[in-house]
Amino acid sequence: MDWLYIVKWPIEFVLVNFHSLFTFLGLGANDGFTWVLAVVGLVVVVRAALIPLFVKQIISQRNMMVVQPELQKLQKKYKGKNDPESRQAFAKEQMELYKKYKTNPLSSCLPLLVQMPVFFSLYSVLNSAQHNEAGVGWLTKALATSFGNSSVFGAPLKATFINSDGIEVKIVAALMIILMTASQFITQRQIMAKNQNPAVMNSQYMQTQKIMLYIFPIIFAISGVAFPLGVMTYWLVSNFWTMGQQFIVIRNMPTPGSKAHDEREARLAKRGKSSGILLASGEPELVEEPKTTQRAQPVSKSRAKKQTK
């Protein structure tokens, strides 16, 4: 049995049913735009299912910012100590800090890692379509052939940049690769520019983030030339989803001390409101409202005499 069966079956189910929906609405069954819309529907379903994981990722990233000053102190404490006992003690104390603040350095990669089986499954589905082979369930041979042979602007969805001589494929694939790379860079740059605390910009974690800012777009650009246009469609739409989702999160749940946090506080101040800070536990800190004191009413002399009797 195909090891991706457990992923490919639901992917085919969602893809085929969205294709049927758009066909029912009057779009051509073999039209490339119909299949592109079906892939967009697949993105919506997958990314909506990943929202709880994304929220945990955001909380973990924020807590990673909070823990950076303590990590820097820990690194200074063990600086220059390379003996096994010191390295073991450093690793233990570092893990205790991560546990205390409920964070993980790899948390930012989780949504991408979870989606990798979807990428591989789509690639497998299109590879089958190239050879007119049926999928594992809902994607029949006829539908697989329709998906692979359907085209957008003259470029078949099963075609790749490196395996096609058609100028239409080259242009569409190159444009999609550029958009994929740019959207990935903008999303990561948005985090670096607006959602980071300046106090921890020189930390090891932030240095890693700066490297990832350039590494991931390069990886996408290189690998994109080998992926079919149908898979790149999913990848591109997913990147746009991430960019929009990240914008909403940065605007409404910024890292304390960041530029985005200051901007949010300014917006709330204009409306006469205040906000709490998200704690390491992921729970919002409740901000106590100012207590209103009732002004004491003056008591007349006649009433005062009655009360003393």
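The values are calculated or read from the model by the stated rules, or taken from the named source; none is laboratory data. The model shown is predicted, which means the values in this text are computed figures rather than measured ones. Cβ coordinates were reconstructed from backbone atoms using ideal geometry, including for glycine residues, and neighbour counts include every protein chain displayed.
Points to keep in mind about this one:
- The number of residues in the stretch 236-247 that are within 11 Å of ILE177 (Cα to Cα) and out of contact with any Leu (no Cβ under 9 Å at 6 or more places or on another chain) comes to 0.
- Residue list for the stretch 144-161, filter: free of Cβ contacts under 8 Å to residues at least 60 places away in the same chain and either within 12 Å of GLY230 (Cα to Cα) or surrounded by 19 or more Cβ atoms within 10 Å (Cβ to Cβ) (or both): ALA144, THR145
- One residue stands out among those in the stretch 148-179 that are assigned to a helix (DSSP H, G or I) and at pLDDT below 90: the one that is nearest to PHE119 (Cα to Cα), which is GLY148.
- Checking ILE59 against (1) surrounded by 14 or more Cβ atoms within 10 Å (Cβ to Cβ); (2) without any contact (Cβ under 8 Å) to a residue 60 or more places away in the chain, the condition it does not meet: (2)
- Flag if ALA48 is over 13 Å from the mean Cα position of the chain (by Cα), in a helix (DSSP H, G or I) and free of Cβ contacts under 8 Å to residues at least 12 places away in the same chain: no
- Which numbered condition ASN132 misses (of (1) at positive phi; (2) at pLDDT 90 or above): (2)
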